[in-house]
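First up is the structure itself, then whatever we jot down about it.
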Amino acid sequence: MAEGHRATSMDALGRLSPEAFEAAGKLPLRFVLDNLRSGLNVGSVFRTADAFRLVGVELCGYTVRPPHRDILKTALGATEHVPWRGHEDTVSAIRSLQAEGMRVFALEQASGFTALQDWSPQPEECWAVVLGNEVHGCSEEVLSAVDGVLEIPQFGVKHSLNVSVAAGMVCWQAFRSFGPPSDG
């Protein structure tokens with residue numbers, strides 16, 4: 001360990017119990033996972049949803065659901081307290097969220113996008129962001145159903161990011177706009 005640095009106990013970090021997490025205010029953001037192939041990615045998104053105290057996660061199509069072993073490897077228990085719902089298809093999940101008053105955007109490379117760094121949701125708004133399949137992204141049907149598209153600027157050869165990495169970037173931008181989850 002580097003001189004001048006001390007390990008911090010988990011108690012000193014002010015971690016919430018699962019019961020306190022349930023009662024605590026949430027960042028008004030929900031992820032919609034659109035036919036993700038990898039349970040490891042799903043678990044990572046759950047862990048990110050826990051870290052930023054999101055409202056929840058929607059698992060659509062053939063996206064695996066807890067308690068799948070691959071999810072449990074990366075979620076590290078987050079599936080036990082981050083709310084989630086399963087849906088047969090993504091478009092019906094989007095329409096349901098819109099009926100609940102949420103604005104739904106897809107994270108995709110598509111025309112008419114808003115660059116992620118320019119997205120500034122307001123605290124009184126509720127949002128859902130669709131994260132598409134790791135290979136195919138979001139389908140045309142999904143893109144036709146959402147209220148808009150967010151895009152992460154990229155400058156390399158591949159022009160793609162791992163879905164769980166992209167989820168973390170969306171959460172960070174939401175946090176920058178919303179501030180920390182409110183407990184009041």
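Nothing in this text is a laboratory measurement; each read-out follows from the coordinates by a stated rule. Only a predicted model underlies this, so the values are computations on that prediction, with no experimental measurement involved. For neighbour counting, all protein chains shown are included, and Cβ atoms are generated from backbone atoms with ideal geometry for every residue, glycine included.
Observations on the structure shown:
- When you restrict to C-alpha pairs under 8 Å that are six or more residues apart and normalise by the size of the chain, the relative contact order lands at 26 percent.
- Applying the Karplus relation 6.51 cos²θ - 1.76 cosθ + 1.60 with θ = phi - 60° to the range 125-130 yields 3J(HN,Hα) values of 9, 10, 10, 10, 10, 7 Hz, where x marks Gly and Pro.
- Pairwise centroid distance, computed over Cα atoms, of the range 15-62 with the range 75-148, Å: 12 Å
- Contact order normalised by residue count of the range 9-59, Cα under 8 Å, 6+ apart, percent: 46 percent
- Distance (nanometres) between label positions extended 7 Å along Cα→Cβ at Lys73 and Ser96: 2.8 nm
- Residue-count net charge about Ile94 - beta-carbon cut-off 10 Å; Lys, Arg +1, Asp, Glu -1: -4
- What the phi angles of the range 91-97 give under the Karplus curve with 6.51, -1.76 and 1.60, with θ = phi - 60°, is a coupling list of 4, 5, 5, 4, 4, 5, 5 Hz, glycine and proline written as x.
- Packing rank of 64-73, 126-135, 155-164, where each peptide gets the mean count of other beta carbons within 10 Å, highest leading: 126-135, 64-73, 155-164
- Neighbourhood net charge (13 Å Cβ-Cβ; Lys/Arg +1, Asp/Glu -1) for Ile71: +2
- In this calculation the C-beta distance from Glu22 to Ser144 is compared with R0 = 45 Å, giving a FRET efficiency of 0.80.
- Peptide packing: for 13-22, 90-99, the average count of neighbouring Cβ atoms within 10 Å per residue gives the ranking 90-99, 13-22, highest mean first.
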